[in-house]
Every structure is written in C-alpha cells, then in structure tokens.
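One structure is given below, encoded as structure tokens.
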Amino acid sequence: MSETMQSAEPRVGVYVCHCGINIAAKVDIAAVVEFAKTLPYVIVVRDYKFMCSDPGQELLQQDIKELGLNRIVVASCSPLMHEATFRHATEAAGLNQFYFQMANIREHVSWVTADKALATRKSQALVSAAVRRVVLNEPLEHQKVPVKPNVLVVGGGIAGIHAALTLANAGKQVTLVEREPTIGGHMAKFDKTFPTLDCAACILTPKMSMVRSHPNITMLTYAEVVGVEGYVGNFTVKVKKKARYVHEELCVGCNECVEACVYKEGRFTDTFNEGLSKRKPVYMPFPQATPSVVLIDPESCIELKTGKCKKQCATACTRNAIDFTMTDEIVALEVGAIIIATGFQTFDATRIPQYGYGKFPNVYTSLEVERLVNASGPTGGEVQLRDGSTPKRVGIIHCVGSRDEKTNRHCSRVCCMYSLKLAHLIHERTDAEVYNLYIDMRTPGKGYEEFYDKLLKEGVNFIRGRAAEVTDWTVTPEEEGKLVIRAEDTLIGVVRRIPVDMVVLSVGLEAHADADEVRRLFNISCSKEGWFLERHPKLAPVSTFTDGIFIAGACQGPKDIPDTVAQAGAAVAEALALVDRGFVELEPNTAFITKELCSGCHTCIAMCPFSAIRYNKEAGVAEINPALCKGCGTCVAACPSGAAQQHLFTDEQIFQEIEGVLNYV
Amino acid sequence: MNHLYYPGCSLKSTGRAYEESLLAVCATLGVGLTELQDWNCCGATSYMAIDEVKAFALAARNLALAEEQGKVGPGTPTVDLVAPCAACYLVLAKAQHCLEENKEVGGKITAALAAAQLQYTGRVVMRHPLDLFTNALGLDAIKAQVTKPLTGLKVACYYGCQIVRPYATFDDQYHPMTMDHLVTALGGTPVDWPLKTRCCGGSLTGTVQEVGLRMSYHLLKEARKRGADVLLTACPLCQFNLECYQDPMKALFPDHEPLPVLYFTQLMGLALGLERARLGLQRLFVPFRQPVGV
Ligand SMILES: Cc1cc2nc3c(=O)[nH]c(=O)nc-3n(C[C@H](O)[C@H](O)[C@H](O)COP(=O)(O)OP(=O)(O)OC[C@H]3O[C@@H](n4cnc5c(N)ncnc54)[C@H](O)[C@@H]3O)c2cc1C
Ligand code: SF4
Ligand code: SF4
C-alpha cells in the first residue's frame, strides 16, 4: 500500500449488514444506507445479508482496490464478535487494519430496541458516529514481544504434576513449585479412587517419580512464589525455598536420622496423616514422598529451638546431609507462561458444632478416613476407632459445609462420590452396617451412577435427608454408648435416630484461605468464595484475565481427578500455544505520554491498575510501558495536562464520535 | 444502669417467681428496671398462628411505647427493653425484623400504630436478662457480689428453643453458653449435656399431653443422667412444663425421678445471699433444698 493513499483525503466505504433477519427485521436497512450516503467523505454504501461471510468480506476488499477506499465502516454486530474478521479483511486488501471502524447495530440496537423507527434512527446515529471517527483513525501496528520458552507450574497436586510432565514431554523447561515438602497434593492421601477403585498410589507415585527424574523439570518443594513481575511471555518470578535443614542433593532418604533422633517416639502432629499419628522433629512426610528427602521442623527440633541437642540425627547421617545453619533461599526464574494449580482445602468441620467434630472422638472427617483406609496410613489400612476397636455401625453425613446457606452454597461435586467410595471400603473391610445420609445423590460422570447402583446392591443404607445433629443423647438401650445421628428421612417422612460407632463427615471443598493473597500475587481474579476466575466459563475455561497465566484443577472450582487432569491438559495446550508461537502481539490501543505536555505530577502513576507507568527521573516525565498497558484509559482521564492520550481513543476521535451521535441529522 | 422492663402476662401469673427473683436480683446488683407502662400482650400464644399482622401489631405497640417512654426517636441512641419471658423476647424481636424486612406487613403495622397516634422508628434493643447480666453488667461484677457460692452444685442449664433461635444475637444457636458461664461465676458446676435447646413440649403439654410430657420427661431424665442436681430455665413456659407436671409424668414414665426446676434468677438470688421468700422459692412444686453456700 502506498503512503500517499493512506495520507490522502479520506474515502470512506460503509457496509450495512442484515445479519439474516437479526438486524434487518428491526432496522430499515435501506433507510440506513440512504442516510449513510449523505455523510461526509462517504464514497460508497452497500448492504449485504452476511457481511462476515466470504462474499461479504470480498465486497469491501474489492471496493478498497477498485474505488480507492482508505477508510472502512461496517455496521453489524459487536466488535467482540467480528472486529478481528473485518480488520483482517481490511488488511488483506492492502489497508492498515486500524483504518477500520465497527458500528454495533445488532447487540446495541436490533436485539434491544422494540420500535422499528427508533431502531433505524439509532442505527443511523451509530453509523454517523463511526464515519466521523474513522476519518481520524491512524495506521497502527501490533507490537510484537518475544516470549520466554520456560513455564512455571505452581502447586504440585495431580493438576500441577500432570501439567509439568506434559510440558516437559513437549520439550519445555518447567519449574514446579510446591509449598509442602512433597508433591502429590490431596490425591497422595487416598488409598483408592472412585469410581474404578484403582489404587491411588499405583497411578500417582510413578508420575511423582517421573517429575523428580525428568531432565526438563526443576522441582522446588517446600517453596512458595513470593513475587511476580513482568507480563505475558516475560515474567520474572521470585520463589522462596524454605530451609529444610537437610541438603536435598545429599539426602538419599534412608531415614537413619529419623531412627537416631533423640525423640524415641513421634510426638508432633503428623499433618500428612491428618493428625492421626505423631512424627518426630526430623521426618519423611510419607514413605513415597517426592523428593524422597527428610526435613527438620524448626518448631519442634530441640537443636533449632535451643541449640542444645545431642544432634544424633546429624551424627547418624553418613552423607552429612543435615545442616542446622541452612536458611531460606530466594530463587529467581524467568518464564513465559504460568500455570496455577494450587488446589483446594477441605471445610473445617468444627464450623458446624452440631455435628460434634472435635467434641466426640469418633466423629471423623472424610480426609481422616481416607488415611484410615490407606494401606500406608497410620493404621495400615484398618478402619479403627480411636480406642482401636472396629466400628460395627458407621454413618456418613454428606454435604458438610456444602449446599448450605450458612457455610458454603456450592455443591462440592466430589463428596457424594467419595462418600460412596468410603462406604464401600469401610463396609468391605469391617463388615459394618453403613448409612449414607444425603440431600441428593449427585453422581454425574462416567461410570459414577453405576458405582452408586453397585453400592445400593452391596447393602449400604441410604437415607435422604440432611442430618440435623450428632448427639450422645441416648434414649434406648441399643443407643447406649453410641453416637446418635438424628435426621429426617424425607422419603418416608419420619425423624430417625441412627445409633452408630463412627461418624464420617463428608467435608466440602473450599478455596484456600490464602486464595486472595495468591490472586493478588499473580494479578488474577477470584470469585467471592475464592475460586480463581477463568476468563470465560465456557470458551476460555483455563485462561485468566491476565494474559500468560492459566489455571487448572480444583483451584478453579471443585472437581474430581478426571476433570482436574483434563483441565491441566487444557492449560498446557494454552501455554504451549503461547510459548511455541515465540512472540505475543499486543493491541496497539495503548496509552502514550506526550513528553512536552507532561508536568511530571505522578497522578497517572498511582492510578494505573497494571503498574504500567514509571517515572523517568532524568527526563522528569512519566513513561508508559506499552507491553504492560492494557489500554484501560484511566491515566488518560486522570492526566490534568492532557499529556496522556491513547491510541485509537484520542480525545478528538471520541469527541467526533459523540458529535456523530448527537448531530447526525 | 436503667432499663425498661416488659414483664408479659406470664411473669404476672404462672411465672411470678421469675419476676420476683429477677427484680430482687436486679435490685441487689444495682440494675434498674422500670416497668413499661400500659404494656399489652406481646402477641405470642396462638395469635401468631392465626393472624400474623395482628400479632405483630400488638408487639409493635409495646415497642412504640418503649420508644416513647424511653424518650428515643430519630437521631437519638437506642433504648434497652428487657423481656425475661422467652416467648415475649422472641415475638418482640420477630416483630422488629418483620418491620425492617417485610414492607407489606411492616406498612400495615405502621398504619395500625398511627391509628393509635404511635410510631416505631427502630430504636429499641431487645434484651433477655441472660444477655443483660452477661454482656451489659458483666460476670465479674456478679461474681464480686456472690456471698453464698454454689460450691458443688451441679446444674443443667436449659435455654429452651426460643432465646437463641432463630436470632442468635447474644449466644450460640447450637451450644449456648451464657447461662453456663453465669453458673460458673456463681461458683456452681454446669454439666455438659446435649439437650440445652431441645423443645420442652411447649403448648403440647396442654393439648396433646402425652406428647408434651414425653418431651419434658426426656429433658429431665437426661439432666439427671448427666448428674445434675437442678435444672435451670430462662422461660416461664419451660419452667411450668418441666416442673408442674412431674406427677403426671411419673404416672406415665414410672422411672421418672423428681428434679427441681428453677429460674436461673432464683439460683442467682441464692448465691447472692437473698432470702428464699424474696425469690419465690416457696412456690416450687418440686422443692429445692440443696444446701447452698456451705
Ligand atoms: C476426602 C476426599 C476424597 C476424594 N476422593 C477422590 C477420588 O476418589 N477420586 C477423584 O477423582 N477425586 C477425589 N477427590 C477429589 C480430588 O482430591 C481432587 O480432584 C484433586 O485433588 C484436585 O487436584 P489439584 O491438583 O487441583 O489440587 P490438590 O490436590 O489440592 O493439590 C494442590 C497442591 O498445590 C499445593 N499448593 C497450594 N497452594 C500453594 C501455593 N500457594 N504455592 C505452592 N503450592 C501450593 C498444595 O500443597 C497441593 O500439593 C477427593 C477429595 C476429597 C476431599
Ligand atoms: S538426612 Fe541423611 S540420614 Fe536422614 S534420610 Fe537423608 S541421607 Fe538419610
Ligand atoms: S457432591 Fe454430594 S455431598 Fe458433595 S456437596 Fe454436592 S451433593 Fe453434597
């Protein structure tokens, strides 16, 4: 395209789309066409059934070539729908794509206006505005910024593990940051997984060790992201590695130190076992922990607390791996994309006091029972009560902290299914009579309803009704010494008292308590419950509002393992699409500062929600980094000197647009 | 400290001992209670089930009187209205919520008040004596005045269904503790028992007696089972159901053993060293003869 053509007198083409009958049924197209012909600089006006179709696009392309048009207006649908389409068509015909302007006469007019005459007038006003504006449009170029090829994955649950491995297999360098001393997440605590009842360890541990040995993966455990800077394709991330007091590269996980510790028995709450067992100050989180490296807890280690221990662990270690002088370490990373997979936390059952958790020893959470049924758990897979006896009657209460106005309104999606799993495992291992108290059974999923059906046939009891309370108030001799679950059986309309030895609370899934801090750190959004927000619930389920940052797994909302893995795969695909392209194109609708007008007052700097503005001390003016600017226009509106302006939205363009609407006839 | 006091019909009749003990205790603790003049039925009883608007209008008249006599109105602070009867307390609170939240009923009530040259602007704070003693006065102030501590006395604190539900304004809905803490402050030992808020039978005792009696019987039985020497109530109807029917209860459930049922204010009075007659203890059907303060 020639320079002269672009700077020449504006020659505008206007194209009015019928959108089938979407627009044509409400807007008098012929009247809009006739009106557009009267507007300044307009050379040609046409209408067509579907402007977005190939022949539609060809119309305007032909006119550019044959009539020498240098400005294009299409009056059709929302720019979100087809702005890109028409920009490309314009560009393909040899014109800078920013010489194109769209007027939305579908979403803004025909779909929302009842009166045909008014709809027509409004369409004319919008066309008038677009024509006046397009005349002032300038040629702009998309900014190309190179993308760093490395990817950061935050959270080493099944979502993070799957994402890291898939990326690494695609040849990307991946850093996996996990805040616990081992990767594995919740899944590592389970014995079996629904609905197939396949052994969780058998499918998870190989993946964990693959993460450990994969040449393309750097695993940072016992670590947390503490700072994120930069933008899509170019993030600088700071990770804090907490001191383990054991050198990861030296330790071989032989556990000699644990044996040798001055504490002969475990004394401290073992969080991996949900507090059902005790550990020593030096410990291996669980036998299959990855990395297979012990750590020392500074809260309980005598040496770290007082400096007065015999340090038998250090003596026992033949590899000199133990080092009490270790300190936290900061690691800096440069990555192009980030996948957040921080998972969930379970509902704190003490928040519903009428279920007696924390008061009655034999009321358990589902996660505790997962550890009880686990072959490598604290009881070796035996389902035992606190006193070591085997329960004969067990009640499982669904929806604890889910579907409840007072706690969480959402359905946690997985607890019906895991309750069925636990009912099956408990019944199988103890022959106990098992009661499931549910509000509704929610078993959508491949093979899930069939699993429910199997349980019904196995003789597990199902009572439909939210349990009112768990009480030690006993009325009959058979209730004596037991816990009684009181619930309305809504299918037969009676209140039932179910005496049991063990109560399992199927606690719901919640966003992490620190979700808001994490959200801020990565500059993404979360729902008011704390679930990380996807860019679009249907069409962009793993993207966030911050380009280059993706989400996967239960941090986005409650989900089971199959859905978590599928979503992790999707996040990987999006991340690969970004890094493999090698560059990102940034919208040129960024703000810029006219140096001569800037007084250096700093007003805009504080207002920019994306921290895109910096103060240049030498020049004494503010400067906008176009790669960070999202084109929100805040600074433009705020600048008292009119120094901040925005491409595609200059004051003059906006005034002309307004004038176009107000003075169109 | 001065508060308006709404006795309600029970405290002038079956619940006389509640009023007697409450007034005696408040006088001793320096809590002034001024009876609301010209008060009327709170609107509880069957009113609520038959005509909610009328029931709320009755309740609202008391609230309007409280504002008038407490000299509060738009732009002023609030006035406390103490309602010892659990039913009065609940209905008056319910009327406040209804006036605030339900425009339709609220409008009718406002119109009814206006016809009587009254208005209610939302400046009354309903208080149950438990709330008053625990939060306005404070347990330390009470503890300081105990002369005959309830040493060794095991007490089942029974809150009933109304004072913490549905509006748990001053205590937990499921495990209320204010009365337990009060008993501890008096030197007694509250027993941990699970039926603190379970229904006493309410008006069933008067209508379907067998059902009502069974409900009361279970409460007393469990309290005994947990070692209680006495059960405390904070409601005249609970006290009536649990105490006055122990004979027919015994006829229906032969294993029933009598248990004294006192207003918590009566036991407070004993710990504060007041005479039994000032506390209405002579009115009890199941006498309370535990030595206190030895
Ligand atoms: C009792 C119970 C039983 C279940 N049983 C089954 C079953 O049988 N089958 C099934 O399909 N699903 C089951 N589920 C659901 C299953 O747990 C989830 O689908 C799965 O764990 C989600 O994986 P995730 O990686 O998204 O989250 P998580 O498993 O929660 O992993 C998240 C990881 O991120 C780490 N992390 C968190 N915050 C940070 C941070 N800021 N920085 C670094 N790391 C962080 C965590 O430490 C954790 O390792 C069950 C759930 C429960 C509660
Ligand atoms: S620190 Fe040393 S002794 Fe302890 S597990 Fe590691 S290698 Fe073994
Ligand atoms: S999945 Fe089942 S148990 Fe869990 S919240 Fe939903 S309905 Fe309740």
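The values are calculated or read from the model by the stated rules, or taken from the named source; none is laboratory data. For clarity, every value in this text was computed on a predicted model and none was experimentally measured. Virtual Cβ from ideal backbone geometry, glycine too; neighbours counted across all protein chains shown. The area values use the complete protein model at the heavy-atom level, side chains included, leaving out ligands, DNA and RNA. Shrake-Rupley method; radii C 1.70, N 1.55, O 1.52, S 1.80 Å.
Give, as residue ranges, the strands (runs of 3 or more DSSP E) completely inside segment A:273-371 that count at least 2 residues that are open to solvent by 20 Å² or more (accessible area, probe 1.4 Å) and modelled with pLDDT of 95 or more. Lay out the reasoning, then the answer.
Working: elements: A:329-335, A:337-340, A:363-365.
Result: A:329-335.
For beta carbons closer than 9 Å, sequence separation of 6+ or different chains, a first residue in segment A:80-91 that is basic (Lys, Arg) and a second that is open to solvent by less than 40 Å² (accessible area, probe 1.4 Å) and in a helix (DSSP H, G or I), the qualifying pairs are A:87/A:97; A:87/A:98.
Flag not set for residue A:481, criterion: away from chain B (no Cβ under 14 Å), more than 39 Å from the chain's Cα centre (by Cα) and surrounded by fewer than 22 Cβ atoms within 10 Å (Cβ to Cβ).
Summed over segment A:396-443, residues that are closer than 28 Å to residue B:166 by Cβ and within 16 Å of ligand 1 (Cβ to nearest atom) total 14.
One residue is enough: does segment A:9-27 have a residue meeting the conditions aliphatic (A, V, I, L, M), more than 20 Å from residue A:660 (Cα to Cα) and either at pLDDT below 95 or part of a helix (DSSP H, G or I) (or both)? Checked segment A:9-27: no residue is aliphatic (A, V, I, L, M), more than 20 Å from residue A:660 (Cα to Cα) and either at pLDDT below 95 or part of a helix (DSSP H, G or I) (or both).
Just to be sure before I move on: is residue B:5 touching a residue at least 40 places away in the same chain (Cβ under 8 Å) and either in contact with a Lys or Arg (Cβ under 7 Å, 6 or more places away or on another chain) or crowded, with 22+ Cβ neighbours inside 10 Å (or both) in the structure I sent?
yes
The set of residues in segment B:229-255 being within 14 Å of chain A (Cβ to nearest Cβ) and open to solvent by less than 50 Å² (accessible area, probe 1.4 Å) consists of B:253 alone. Of the residues making up segment A:416-446, those that are open to solvent by less than 10 Å² (accessible area, probe 1.4 Å), touching a residue at least 40 places away in the same chain (Cβ under 8 Å) and over 16 Å from residue A:384 (Cβ atoms) are A:417, A:419, A:420, A:421, A:436, A:437. Report the residue count in segment A:122-154 for those that are open to solvent by 10 Å² or more (accessible area, probe 1.4 Å) and within 22 Å of the chain's Cα centre (by Cα). Residues meeting the conditions: 5.
If we scan segment B:40-60, do we find a residue that is crowded, with 24+ Cβ neighbours inside 10 Å and farther than 21 Å from residue B:123 by Cα? Checked against the condition, which is being crowded, with 24+ Cβ neighbours inside 10 Å and farther than 21 Å from residue B:123 by Cα, segment B:40-60 yields at least one hit. In segment A:201-248, the residue that is surrounded by the fewest Cβ atoms within 10 Å (Cβ to Cβ) out of those that are of a type in the set (Ser, Thr, Tyr) and closer than 30 Å to residue A:610 by Cβ is A:236.
For segment A:551-604, the tally of residues that are open to solvent by 60 Å² or more (accessible area, probe 1.4 Å) and aromatic (Phe, Trp, Tyr) stands at 1. Scanning segment A:316-350 for residues that are of a type outside the set (Ser, Thr, Tyr) and away from ligand 1 (no atom under 16 Å from the Cβ) yields a count of 13.
Within segment B:156-173, is there a residue that is hydroxyl-bearing (Ser, Thr, Tyr), within 14 Å of another protein chain (Cβ to nearest Cβ), out of contact with any Gly (no Cβ under 7 Å at 6 or more places or on another chain) and without any contact (Cβ under 8 Å) to a residue 40 or more places away in the chain? Taking every residue of segment B:156-173 in turn, none turns out to be hydroxyl-bearing (Ser, Thr, Tyr), within 14 Å of another protein chain (Cβ to nearest Cβ), out of contact with any Gly (no Cβ under 7 Å at 6 or more places or on another chain) and without any contact (Cβ under 8 Å) to a residue 40 or more places away in the chain.
For residue A:471, the conditions (1) within 14 Å of chain B (Cβ to nearest Cβ); (2) closer than 27 Å to residue A:344 by Cβ are fulfilled apart from (2). Just one of the listed residues (A:352, A:340) is among the aliphatic types (A, V, I, L, M) and more than 14 Å from every other protein chain (Cβ to nearest Cβ), namely A:340. Selection of segment A:612-624 for residues being assigned to a loop (DSSP other than H, G, I, E, B) and exposed (fewer than 14 other Cβ atoms within 10 Å of the Cβ) yields A:617, A:618, A:619, A:620.
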